[in-house]
Amino acid sequence: MNEINPNYVYLFDQLDIDFDEVKSCVETGTYEGVGSFTFSTYFDEVVTIELAEGLHRRCLELYKEDTNITFIQGKSTDNLTDVVAHIQHPYLLFLDAHGSGGNTVFDPQVGTYGSPVLEELECVKSNLPSWIIIDDLREFDDPNKNYPSREQIVKKVAELGEYEDPIAVNVGDPDHWLFGIPQWYCFKLS
Ligand SMILES: C[S@@+](CC[C@H](N)C(=O)[O-])C[C@H]1O[C@@H](n2cnc3c(N)ncnc32)[C@H](O)[C@@H]1O
């Protein structure tokens, strides 16, 4: 596969991430590994967690040459605390674990339309990320879905540590931006 997601290239272009210092990336929700592979071109080390066994196995095969990506199968909230305890460098946390239809799965405790993002943030408090990026924020403000609100996310991040105000980043055609809600919220540790 080895495909780069241009949206993530655009995202990183908008942020002043010091890649000489922030050498690791932890991603929740691997899906087909395109994000993981894209991140592996920026970071020395990527660890990614996927709940769907089939998707996980496929990624192990697809990316077997990419030795700087570690694929973990399981629920993000069951694995994150241990994963971040073993991260030696300042790291970026990319939260993207949620049911997305097709061959994706979801944690029944969270539901088809929901995200474990608040619980995931709780898991990393013993080794705080230098950057936290929440993906697919547009889904979160949909009143018909069970995602936490942006306010809840900001509050949770503030409880974790001294993070700067979120940087909202958007991508694509502004005519199709839902209610002006950005695609990503990005928090930098002060
Ligand atoms: C939006 S996709 C991830 C896309 C990927 N990050 C990328 O950039 O290409 C969400 C993925 O999260 C997985 N998922 C859902 N709930 C999860 C959970 N609790 N823990 C880990 N993975 C989960 C789904 O099976 C799906 O593959």
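Coordinate-derived values only; no laboratory data. Predicted, not measured: the structure shown is a model, and the values here were computed from it. Cβ atoms come from the backbone with ideal geometry, glycine included; neighbour counts cover every protein chain shown.
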Please report Rg over Rh for the chain, where both radii come from the alpha carbon positions and Rh follows the Kirkwood definition.
-> 0.93
Highest GNM mean-square fluctuation, the chain, Cα pairs closer than 10 Å: which of 99, 29, 172?
-> 172
In whole Hz, with x marking every Gly and Pro, tabulate ³J(HN,Hα) for the range 142-156 from phi via Karplus 6.51 cos²θ - 1.76 cosθ + 1.60, θ = phi - 60°.
-> 6, x, 7, 10, 9, 8, x, 7, 4, 4, 5, 5, 4, 4, 5
Between the range 64-99 and the range 1-36, how many Å separate their Cα centres?
-> 13
Give, to the nearest whole percent, the P(r) tail of the range 1-87 beyond 23 angstrom, counting all Cα pairs.
-> 20
Within the set 120, 27, 159, GNM on the chain using Cα springs under 10 Å gives the largest fluctuation to 159
So what is the 222 nm mean residue ellipticity for the chain from helices alone, if each DSSP H run of at least 4 adds -39500 (n - 2.57) and you divide by all residues, rounding to the nearest 500 deg cm²/dmol?
-> -8500 deg cm²/dmol
Rounded to whole Å and sorted largest first, list the principal axis extents of the Cα atoms in the range 50-108.
-> 35, 29, 16
Sorting 24, 40, 190 on the 10 Å Cβ count, fewest up front, what's the list?
-> 190, 40, 24
Say R0 is 35 Å: what FRET efficiency, to the nearest 0.05, do residue 4 and residue 190 get from their beta-carbon distance?
-> 0.70
Roughly how compact is the range 88-190, stated as its Cα Rg over 2.2 N^0.38 Å to two decimals?
-> 1.08
Picking from 19, 39, 71, which is most flexible by a Gaussian network model of the chain using Cα springs under 10 Å?
-> 19
How many Lys pairs in the chain lie less than 17 angstrom apart by Cα atoms, where the lysines are 8 or more positions apart or on different chains?
-> 6
³J(HN,Hα), Karplus 6.51/-1.76/1.60, whole Hz, each residue of the range 60-67, x for Gly, Pro = 4, 6, 5, 10, 5, 7, 8, 6
Volume in Å³ per residue [convex hull over Cα atoms, computed for the range 88-141] | 99
What FRET efficiency comes out for the pair residue 105/residue 160, r = Cβ-Cβ distance, R0 = 22 Å, nearest 0.05?
-> 0.20
Taking other Cβ within 10 Å of each residue's Cβ, how do 84, 117, 47 sort, fewest first?
-> 84, 47, 117
Here the FRET efficiency for residue 16 versus residue 44, based on Cβ atoms and R0 = 25 Å and rounded to 0.05, is 0.85
